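One structure is given here, and the rest of the page talks about it.
What follows draws every value from the coordinates through simple rules; no lab data is involved. These numbers come from a predicted model, not from an experiment. Methodologically, a virtual Cβ is constructed for each residue, glycine included, from the backbone with ideal geometry; neighbour enumeration extends over all protein chains shown.
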Amino acid sequence: MSKFYGVSVGPGDPELITIKAKKIMEKCQVIASPVTSGDKTLALDIASGIVDFCDKKIVKMKFLMIRDKEKLNENHINEAKKICEYLRGGQDVAMLNLGDASLYSSFSYIAKIIEDLGYEVEVIPGVTSFCASAAKLKTSLTEMSKPLHIFPAGQIENVIDLEGTKVIMKSGKSIKEVKKKLKDRDVKAVQNCGLPEEKICHSVEEISDDASYFTTLLVK
């Protein structure tokens, strides 16, 4: 029976892709790649650094970046149908995911729909952006019994005073507001970790006002 794989490709550096992820991408006849802004296929571009996709069928998946749950659900169903077309034909499909497939990934929604239809699903884990960022910054994420919190930027007011390290993700267009709220905090960040335009920031002032969606902040 054909299988649907969620393949994690890490934050940007192809060398951080696991051996297992590479084997699955080489094995699958069909590769599903989410499309980012500007019709870019970032996850596919990253994976192309270690896998030759010339003989693969590439399926582009377009996900809405909105909060309307009904429209989002409809979008997920429509994208899942693209995958099922190939699964019904007996072909394995690998959906590429930036970072890890279990963290803020559209894959989880697609996987549930496909699994409910009776197809087998397997998730291949990968390096998360915040682990890669901590490595770039040469800093630890946790110390002794201190907790680690992971939140999207929209919830920053609810978490900023929690004990331990806070990982702030998905800043995007709200980065200016986020910087204001973190003005007097111990903040480090990595913009576009592992990508050619990577920028390491050791203070909130160093973070660009036009920092991309792929900016990970560590607050201690």
### Task
Return one number: the angle in degrees, 0 to 90 and rounded to the nearest 10, between the long axis of the Cα atoms of helix 107-116 and the longest principal axis of the Cα atoms of the chain.
40 degrees
### Task
Among DSSP beta bridges lying fully in segment 3-124, give the percent that are antiparallel, nearest 5.
10 percent
#### Entry: Cα pair distances exceeding 19 angstrom across segment 3-124, given as percent
41 percent
### Query
By DSSP, what percent of the beta bridges with both residues in the chain are antiparallel, rounded to the nearest 5?
35 percent
### Task
Could you bin all the Cα-Cα distances of segment 1-48 into 5 Å bins starting at 0 and give me the percent of pairs in each, rounded to whole numbers?
4, 20, 32, 24, 13, 5, 1, 0
### Message
Could you tell me the center-to-center distance, by alpha carbons, between segment 86-106 and segment 1-60 in angstrom?
### Response
9 Å
### Amide H partners (placed H, <5 Å) of T215, local residues excluded
K170, S171, G172, N192
### Task
Mind pulling the angle between the C-alpha long axis of helix 69-88 and the longest principal axis of the chain? Nearest 10 degrees, somewhere in 0 to 90.
40 degrees
### Query
Taking neighbour counts of Cβ atoms within 10 Å as a proxy for exposure, in what order, fewest first, do M169, M25, M144 appear?
M144, M169, M25
### Query
Which entries in K136/K183; K69/K170; K112/K181; K69/K220; K62/K220 show an alpha-carbon gap greater than 27 Å?
K112/K181; K69/K220; K62/K220
## Note on the structure
the chain: relative contact order from alpha carbon pairs under 8 Å, six or more residues apart, as a whole percent, is 23 percent
### Query
So what are the radius of gyration and Dmax for the Cα set of the chain, in Å?
18.1, 57
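Helix-only estimate, please: 222 nm mean residue ellipticity of the chain, summing -39500 (n - 2.57) across DSSP H runs of length 4 or more and dividing by its residues, to the nearest 500.
-8500 deg cm²/dmol
Using packing as a proxy for protection, rank 177-189, 84-96 so that the peptide with the highest average count of other Cβ atoms within 10 Å comes first.
With the highest mean Cβ count within 10 Å placed first, the list reads 84-96, 177-189.
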#### Entry: Relative contact order (%) - criterion: Cα under 8 Å, at least six apart; region: segment 117-197
28 percent
### Summary
One checks the Cα atoms of segment 129-219 and finds Rg and Dmax, in Å, of 11.9, 36
### Query
With the chain treated as a Gaussian network of Cα nodes joined by springs under 10 Å, which of S105, S145, S203 yields the largest mean-square fluctuation?
S145
